[in-house]
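The values are calculated or read from the model by the stated rules, or taken from the named source; none is laboratory data. Every value quoted in this text rests on a predicted model; they were computed, and no experiment measured them. Positions of Cβ are generated from backbone atoms using ideal geometry, with glycine treated the same way; all protein chains shown enter the neighbour counts.
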Amino acid sequence: MTSSGRARDTSVQSVDRAVSILQVLAGRGPSGVTEVAEELGIHKATVFRLLATLESRGLVEQDSERGRYRIGHTVVELAAGSTMRSDLSLLSRPVCQELAAAAGETVNVAIHDGPEVISIDQVIGGAAITSIDWVGKRTPMHATAAGKIFLAYMSPDRAQAILAQGLTKYTPHTVVDPARLKEQLEFVRKREYATTSEEHEIGLAAIAAPIRSLDGRVIAAVTLSGPTFRVNEDTIPDLAERVVEAGARISWRKGYVKRG
């Protein structure tokens, strides 16, 4: 076996052992190095080294009694990410079904991961021509209605960092001028919804509104999309009102306080 092959095998073994350590801590609760080593049949020096690595990433924490480790907050955060997707899908689906049935268009719920938008649920409308299945797909923030919602409501520093990475032009209609995009985002905040028309794909238009958590943070977006001959300047005012209402209803189901 080559040295590179041995290194890969060692790396895989380390990852495997690190996962086993997390499983032991999850099952036993706060434990010392010796306890974990005996449970797994691994040398204490190896366990100590892996625990130190896991601790540096927040995956384990030392208990108030030094030398004893417990599951760290980062693990909780990672689990919460998965729970949030499932929770949002369950909470939003009845509202999305109503919107899709009323408008006849495809409705998605999306979250974001860094500079990308990820659709976590989709309801197909009754129209003969609908958009493709977007669930699990990643799309750019600057060229999508949901992405513009996220950019509009995140902190200016975070938005600037994303814009500074460079904006890809997907169609002749994609907005790649940061100054112009910032003007659009200001408009999004004023009317509380975002629109795109052929900015990511020719022939496709979309409208998105924010979904808020209990504390008012924008944690997701509900999006209605369809062909431009149905989603356009003539139909957007009525459709946007429906999308904003759907976003508000999902937000209330998440605990956001209803105003008025």
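Highlighted here would be strands (runs of 3 or more DSSP E) found entirely within the stretch 172-243 that include at least 1 residues which are in contact (Cβ under 8 Å) with a residue 60 or more places away in the chain and among the basic types (Lys, Arg), but there are none.
Out of the residues in the stretch 209-260 meeting the condition of being of a type in the set (Val, Ile, Thr) and more than 15 Å from residue 88 (Cβ to Cβ), tell me which one is surrounded by the most Cβ atoms within 10 Å (Cβ to Cβ).
The extreme case among them is 243.
Do we have any residue at all in the stretch 32-41 that's of a type in the set (D, E, K, R) and at pLDDT below 90? For the stretch 32-41, residues of a type in the set (D, E, K, R) and at pLDDT below 90: present. Filtered by the rule that a residue be of a type in the set (A, V, I, L, M, F, W, C) and either over 15 Å from residue 15 (Cα atoms) or in a strand (DSSP E or B) (or both), the stretch 36-65 gives 36, 37, 45, 60. The lone criterion from (1) β-branched (Val, Ile, Thr); (2) surrounded by 18 or more Cβ atoms within 10 Å (Cβ to Cβ); (3) outside any helix (DSSP H, G or I) left unmet by residue 162 is number (3). Only one of the listed residues (236, 250, 219) is closer than 15 Å to residue 188 by Cα and of a type outside the set (Ser, Thr, Tyr). That residue is 236.
Just to verify a result, which residue in the stretch 131-159, among those that are more than 18 Å from the chain's Cα centre (by Cα) and part of a loop (DSSP other than H, G, I, E, B), is modelled with the highest pLDDT? Among them, the one singled out is 132.
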